[in-house]
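Structure, as structure tokens:
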Amino acid sequence: MHKNVIELKHPLIIHKLSILRDKNTSTKEFREIVGEISMFLCYEAMKDAELNDITIETPIAKMDTQRLNEDRYAFIPILRAGLGMLDGVINVIPNAKVGHIGMYRNEETFEPVNYFFKVPKDIEKREVILLDPMLATGGSAEDAIELLKSKGVEKIKFLSIISAPEGLKRVSEKYPDVVFYTSYIDDHLNENKYIVPGLGDAGDRIFGTK
């Protein structure tokens with residue numbers, strides 16, 4: 001994979017993923033673990049965050065330290081499954097703005113269909129972190145990135161819980177300026193364009209609709 005792909009593949013994440021992948025995991029537990037892994041991904045994605053110099057007073061003494069300008073960031077989940085990641089990342093940067101991109105998959109062509117796009121009006125001034133639990137063919141990621149770039153967004157990061165190598169290769173090569181963070185790169189896409197071994201349909205499992 002390209003240098004703009006970062007796979008966490010941490011022992012704790014592999015442990016959590018084993019629960020997500022299990023078809024017997026409850027909706028409640030699935031939803032909670034998606035949020036937990038999203039927090040880990042967000043911490044990794046913020047390693048290069050810029051901090052502002054400030055002076056504070058502790059209970060003991062004054063000190064010079066640094067603080068994040070949370071207002072510079074926007075989280076944008078790709079609906080609907082991306083909503084499952086939102087609570088986890090908001091725990092990390094609670095004052096970030098939130099936008100939404102709505103897409104669904106055409107079951108005949110396997111390509112994404114866009115139906116909703118709502119982002120903060122000054123989105124071009126922010127660093128945007130896109131959220132989608134699964135990066136499969138890369139079609140939704142590509143369309144979301146194109147929408148943001150058309151609005152003038154220059155710094156984009158993409159967070160996914162699992163990714164297929166085919167889709168990850170497609171988008172990381174096309175967008176070398178976007179950094180893709182994933183907790184695990186799976187084996188391949190099957191004939192129906194589902195990730196193998198995967199975890200099923202993330203949206204259905206997050207919202208209990210199947």
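The values are calculated or read from the model by the stated rules, or taken from the named source; none is laboratory data. Bear in mind that the values here come from a model prediction, so they are computed numbers and not experimental data. Heads up, the Cβs are rebuilt from the backbone with ideal geometry, glycines too, and the neighbour counts pull from every protein chain shown.
Values for this structure:
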read-out: Boolean, Ala49 is among the small types (Gly, Ala, Ser), closer than 23 Å to Asp177 by Cβ, modelled with pLDDT of 95 or more and touching a Leu at 6+ places or on another chain (Cβ under 7 Å); value: no
read-out: Residue ID - farthest from Glu142 (Cα to Cα), chosen from residues in the stretch 84-132 that are touching a strand residue (DSSP E or B) at 6+ places or on another chain (Cβ under 7 Å) and of a type in the set (Asp, Glu); value: Glu127
read-out: Residue list for the stretch 12-26, filter: loosely packed, with under 15 Cβ neighbours inside 10 Å, hydroxyl-bearing (Ser, Thr, Tyr) and either at positive phi or assigned to a loop (DSSP other than H, G, I, E, B) (or both); value: Ser26
read-out: Residue list for the stretch 138-156, restricted to those being in contact with an Asp or Glu (Cβ under 7 Å, 6 or more places away or on another chain), surrounded by 17 or more Cβ atoms within 10 Å (Cβ to Cβ) and not aliphatic (A, V, I, L, M); value: Gly139, Ser140
read-out: The listed residue being buried (at least 21 other Cβ atoms within 10 Å of the Cβ) and within 16 Å of His2 (Cα to Cα), out of Leu130, Leu159; value: Leu159
read-out: Residues satisfying the stated conditions in the stretch 171-193, i.e. out of contact with any strand residue (DSSP E or B) (no Cβ under 9 Å at 6 or more places or on another chain) and farther than 18 Å from Leu130 by Cα; value: Glu191, Asn192
read-out: Selection status of Met134, aliphatic (A, V, I, L, M) and over 15 Å from Leu147 (Cα atoms); value: yes
read-out: Residue in the stretch 76-98 that is in a loop (DSSP other than H, G, I, E, B), in contact with a Phe, Trp or Tyr (Cβ under 8 Å, 6 or more places away or on another chain) and small (Gly, Ala, Ser) present; value: yes
read-out: Filtered residues of the stretch 56-82 (kept if under 17 Å from Ser160 (Cβ atoms) and among the aliphatic types (A, V, I, L, M)); value: Ile76, Ile78, Leu79, Ala81
read-out: Some residue of the stretch 67-87 being of a type in the set (S, T, N, Q) and under 15 Å from the mean Cα position of the chain (by Cα); value: no
read-out: Pairs where the first residue, in the stretch 130-154, is free of Cβ contacts under 8 Å to residues at least 24 places away in the same chain and the second is in a loop (DSSP other than H, G, I, E, B), C-beta under 9 Å, 6+ apart; value: Lys149/Tyr175
read-out: Matching helices (runs of 4 or more DSSP H) fully within the stretch 107-210 where at least 3 residues are under 16 Å from Leu79 (Cα atoms); value: 139-150, 202-207
